[in-house]
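Enquirer: Handing you this structure, nothing more for now.
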Amino acid sequence: MKTRIAIIDDHQLFREGVKRILDFEPSFEVVSEGDDGEDALSIVEDSKPDVVIMDINMPKVNGVEATKQLVEANPETKVIILSIHDDENYVTHALKTGARGYLLKEMDADTLIEAVKVVSDGGSYLHPKVTHNLVNEFRRLATSGSGGGTATIATEIRRPLHILTRRECEVLQMLADGKSNRGIGEALFISEKTVKNHVSNILQKMNVNDRTQAVVVAIKNGWVEVR
């Protein structure tokens, strides 16, 4: 069955560009479009999409408020926020309201397609640049106390070879670096499908739901280098 998608964005040209990218993926079907968060609830009720791609900045009802309303009324609907903001405050606020993904509008086509697939399968997806910024913020908070205390992140990297293979450790490090599946594949000279298999194995072995949780756990345990 195809993944049914709704696109909510007040910029028609951008919306058409997103639709054009999604139409190239045989497993996707764009079933509805809207230009404001105010329309999101009725659009979802009418077209029953699996995934809603929602712009964060819209004139009447913004994407965050629309997401909150959508998730409260339709808990099974998965929302991916589109934004120009990579600040962690925007990201955390969007995720708290129920969004399952957060993409920057500078994304490439592969990132958009990857995000929709991950979210439609029940996972969460953050734009690689956003992941990198969150990691840096986590590092800053963890290495600075209220009075300029000492670092609390382990300085010695202890690869989790007790649960992951060496290749999976490499992939985990690259997830912490904010690389996409495509970027990891190019760096390791392996296919994106192989990368996806490694990521799935990592999540299962680490008992986490998505790559962001995997990175946070890895940092806390000193399994990756934060750079």
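Enquirer: If a residue must be surrounded by fewer than 19 Cβ atoms within 10 Å (Cβ to Cβ) and either part of a helix (DSSP H, G or I) or under 16 Å from the mean Cα position of the chain (by Cα) (or both), how many such residues does region 211-221 contain?
Expert: Residues of region 211-221 surrounded by fewer than 19 Cβ atoms within 10 Å (Cβ to Cβ): 213, 216-217, 220-221.
Still in the list and also either part of a helix (DSSP H, G or I) or under 16 Å from the mean Cα position of the chain (by Cα) (or both): 213, 216-217, 220.
Of the residues in that region, 4 qualify.
Enquirer: Could you check LYS68 against (1) open to solvent by 80 Å² or more (accessible area, probe 1.4 Å); (2) over 25 Å from LEU134 (Cβ atoms); (3) among the charged types (D, E, K, R) and say which number it fails?
Expert: All conditions pass for LYS68, except number (2).
Enquirer: Go over the candidates ASP55, ASP50 one by one and state the one that is out of contact with any Gly (no Cβ under 7 Å at 6 or more places or on another chain), among the charged types (D, E, K, R) and modelled with pLDDT of 90 or more. Working first, answer last.
Expert: Values: ASP55 fails: out of contact with any Gly (no Cβ under 7 Å at 6 or more places or on another chain).
Among ASP55, ASP50, only ASP50 is out of contact with any Gly (no Cβ under 7 Å at 6 or more places or on another chain), among the charged types (D, E, K, R) and modelled with pLDDT of 90 or more.
Enquirer: Among VAL61, VAL30, VAL18, VAL44, which is the only one that is open to solvent by 10 Å² or more (accessible area, probe 1.4 Å), assigned by the TED database to the domain that holds LYS96, in contact with a Leu (Cβ under 9 Å, 6 or more places away or on another chain) and not basic (Lys, Arg)? Steps first, answer last, please.
Expert: Working: VAL61 fails: in contact with a Leu (Cβ under 9 Å, 6 or more places away or on another chain); VAL18 fails: open to solvent by 10 Å² or more (accessible area, probe 1.4 Å); VAL44 fails: open to solvent by 10 Å² or more (accessible area, probe 1.4 Å).
On inspection, the qualifying residue turns out to be VAL30.
Enquirer: Related question: Filter region 98-114 for residues that are of a type in the set (Ser, Thr, Tyr) and either assigned to a loop (DSSP other than H, G, I, E, B) or farther than 14 Å from ASN133 by Cβ (or both) and give the result.
Expert: If we filter region 98-114 for residues that are of a type in the set (Ser, Thr, Tyr), which is where we start, we get 102, 111.
Correct list: THR111 only.
Enquirer: Let me spell it out: the conditions are (1) of a type in the set (A, V, I, L, M, F, W, C); (2) at pLDDT 80 or above; (3) closer than 21 Å to LEU104 by Cα, and ILE202 meets all of them except one. Which number is the exception?
Expert: The single condition ILE202 does not satisfy is (3).
Enquirer: Assuming LEU95 fulfils every condition listed in (1) more than 21 Å from VAL130 (Cα to Cα); (2) among the aliphatic types (A, V, I, L, M); (3) open to solvent by 60 Å² or more (accessible area, probe 1.4 Å) apart from one, which condition is it?
Expert: That leaves (1) as the condition not met.
Enquirer: Another question about this same structure. Could we say that ASP36 is within 16 Å of TYR125 (Cα to Cα) and modelled with pLDDT under 90 here? Break it down into steps so the answer makes sense when it comes.
Expert: Working: within 16 Å of TYR125 (Cα to Cα): no; modelled with pLDDT under 90: yes.
No, not satisfied.
Enquirer: Could you pull out the residue among ALA73, ALA66 that is small (Gly, Ala, Ser), closer than 19 Å to ALA99 by Cα and without any contact (Cβ under 8 Å) to a residue 40 or more places away in the chain? Please lay out each step first, then the result.
Expert: Numbers: ALA66 fails: without any contact (Cβ under 8 Å) to a residue 40 or more places away in the chain.
Testing whether each residue is small (Gly, Ala, Ser), closer than 19 Å to ALA99 by Cα and without any contact (Cβ under 8 Å) to a residue 40 or more places away in the chain leaves just ALA73.
Enquirer: Something else: Can you tell me which residue within region 177-191, out of those that are charged (D, E, K, R) and at pLDDT below 90, is most open to solvent (accessible area, probe 1.4 Å)? Walk me through it before giving the result.
Expert: So the first thing to find is which residues in region 177-191 are charged (D, E, K, R), and the list is 177, 179, 182, 186.
In the following step, the residues that additionally are at pLDDT below 90 were identified as 177, 179, 182.
Values: ASP177: 36, LYS179: 83, ARG182: 102 Å².
By that ranking, first place goes to ARG182.
Enquirer: Right, here's the next one. Quickly run through region 119-165 and pick out the residues that are closer than 23 Å to ASN89 by Cα, in a helix (DSSP H, G or I) and at pLDDT 85 or above.
Expert: Scanning region 119-165 gives a single hit, VAL119.
Enquirer: Anything in region 74-86 that is open to solvent by 60 Å² or more (accessible area, probe 1.4 Å) and either of a type outside the set (Val, Ile, Thr) or not in a loop (DSSP other than H, G, I, E, B) (or both)? List them, or say none. It would help to see each step written out before you state the result.
Expert: Narrowing region 74-86 to residues open to solvent by 60 Å² or more (accessible area, probe 1.4 Å): 75-76, 84.
PRO75, GLU76, listed by residue number.
Enquirer: Would you mind stating whether GLU29 is more than 21 Å from the chain's Cα centre (by Cα) and charged (D, E, K, R)? Break it down into steps so the answer makes sense when it comes.
Expert: Working: more than 21 Å from the chain's Cα centre (by Cα): no; charged (D, E, K, R): yes.
Here the answer is no, as GLU29 does not meet what is asked.
Enquirer: For LYS60, which of the numbered conditions (1) under 21 Å from VAL118 (Cβ atoms); (2) in contact with an Asp or Glu (Cβ under 7 Å, 6 or more places away or on another chain) fails to hold?
Expert: (1)
Enquirer: On to the next question. Identify the residue in region 1-13 that is open to solvent by less than 60 Å² (accessible area, probe 1.4 Å) and over 17 Å from VAL119 (Cα atoms) and, among all such residues, is modelled with the lowest pLDDT. Don't jump to the end; show me each part of the working.
Expert: Applying the first criterion (open to solvent by less than 60 Å² (accessible area, probe 1.4 Å)) to region 1-13 yields 3, 5-10.
Now drop any that are not over 17 Å from VAL119 (Cα atoms), which leaves 9-10.
Values: ASP9: 92, ASP10: 89.
Among those residues, the one meeting the criterion is ASP10.
The values are calculated or read from the model by the stated rules, or taken from the named source; none is laboratory data. Quick caveat: nothing in here was measured; it's all calculated off a predicted structure. Virtual Cβ from ideal backbone geometry, glycine too; neighbours counted across all protein chains shown. Surface accessibility is based on the protein's heavy atoms, side chains included, excluding ligands, DNA and RNA. Shrake-Rupley method; radii C 1.70, N 1.55, O 1.52, S 1.80 Å.
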